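The values are calculated or read from the model by the stated rules, or taken from the named source; none is laboratory data. Predicted model, so just to flag it, every value in this text is computed and none were measured. Cβ sites come from the backbone with ideal geometry, for glycine too, and all protein chains shown count toward neighbours.
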Ligand code: GDP
């Protein structure tokens with residue numbers, strides 16, 4: 001079993017797409033081990049995306065991610081990291097495959113509806129950013 005961090009980003013929350021995304025997650029066979037709605041501060045978003053701090057889109061990304069509430073989840077499944085990234089689709093919704101979450105619910109490379117960890121080490125640190133171990137089912 002593997003865990004990954006998933007986020008329903010502010011664009012998908014404000015568009016009313018939390019339920020549709022959760023339904024896809026459950027139907028795809030992930031166990032939701034943790035789930036919270038949080039409103040990130042700008043500093044909180046900067047901390048979460050610290051690896052991207054030198055990228056040109058860092059300012060826009062962290063402003064966007066702190067612009068409204070998000071839903072953070074720890075998802076559990078075999079190969080959860082890769083399977084969640086497949087379900088999300090490519091970073092840019094325009095490049096994402098038909099039927100993927102980013103294709104369905106994203107509107108730009110920045111406002112792309114969902115986040116997913118990209119490796120076991122980042123999954124562990126990203127889950128710990130939002131959940132204490134004792135909180136996870
Ligand atoms: P991910 O792992 O598919 O989320 O992609 P990355 O780790 O490369 O980027 C993190 C997040 O930054 C993405 O999900 C986007 O929201 C945002 N992002 C990535 N590339 C760009 C870009 O070129 N422009 C802007 N504005 N945002 C970007």
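Structure values in brief
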| read-out | value |
| --- | --- |
| Meets criteria (within 22 Å of residue 135 (Cα to Cα), within 15 Å of the ligand (Cβ to nearest atom), without any contact (Cβ under 8 Å) to a residue 60 or more places away in the chain and not in a helix (DSSP H, G or I)) for residue 40 | yes |
| Condition met for residue 78 (modelled with pLDDT of 95 or more, within 22 Å of residue 30 (Cα to Cα) and more than 15 Å from the chain's Cα centre (by Cα)) | yes |
| Conditions (1) more than 16 Å from the ligand (Cβ to nearest atom); (2) within 13 Å of residue 5 (Cα to Cα); (3) within 15 Å of the chain's Cα centre (by Cα); (4) in contact (Cβ under 8 Å) with a residue 24 or more places away in the chain: number failed by residue 69 | (2) |
| Considering residues of the stretch 99-108 that are part of a loop (DSSP other than H, G, I, E, B) and touching a residue at least 12 places away in the same chain (Cβ under 8 Å) only, the residue surrounded by the most Cβ atoms within 10 Å (Cβ to Cβ) | 106 |
| Where a residue in the stretch 83-98 is at positive phi and its partner, wherever it lies, is modelled with pLDDT of 95 or more, with Cβ under 6 Å and at least six apart | 89/96; 89/97; 89/100; 89/102; 89/103 |
| Enumeration of residues in the stretch 85-100 that are out of contact with any strand residue (DSSP E or B) (no Cβ under 8 Å at 6 or more places or on another chain) and within 11 Å of the ligand (Cβ to nearest atom) | 89, 90, 91, 92, 93, 95, 96 |
| Extreme residue, nearest to the ligand (Cβ to nearest atom), among residues of the stretch 124-133 that are under 21 Å from residue 58 (Cβ atoms) and either touching a residue at least 60 places away in the same chain (Cβ under 8 Å) or crowded, with 18+ Cβ neighbours inside 10 Å (or both) | 126 |
| Per-region count, the stretch 101-117, residues more than 11 Å from the ligand (Cβ to nearest atom) and touching a helix residue (DSSP H, G or I) at 6+ places or on another chain (Cβ under 6 Å) | 2 |
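Let's see how each residue does on (1) assigned to a helix (DSSP H, G or I); (2) loosely packed, with under 15 Cβ neighbours inside 10 Å:
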{"site": "33", "(1), (2)": "no, no"}
{"site": "62", "(1), (2)": "yes, no"}
{"site": "92", "(1), (2)": "no, yes"}
{"site": "137", "(1), (2)": "no, yes"}
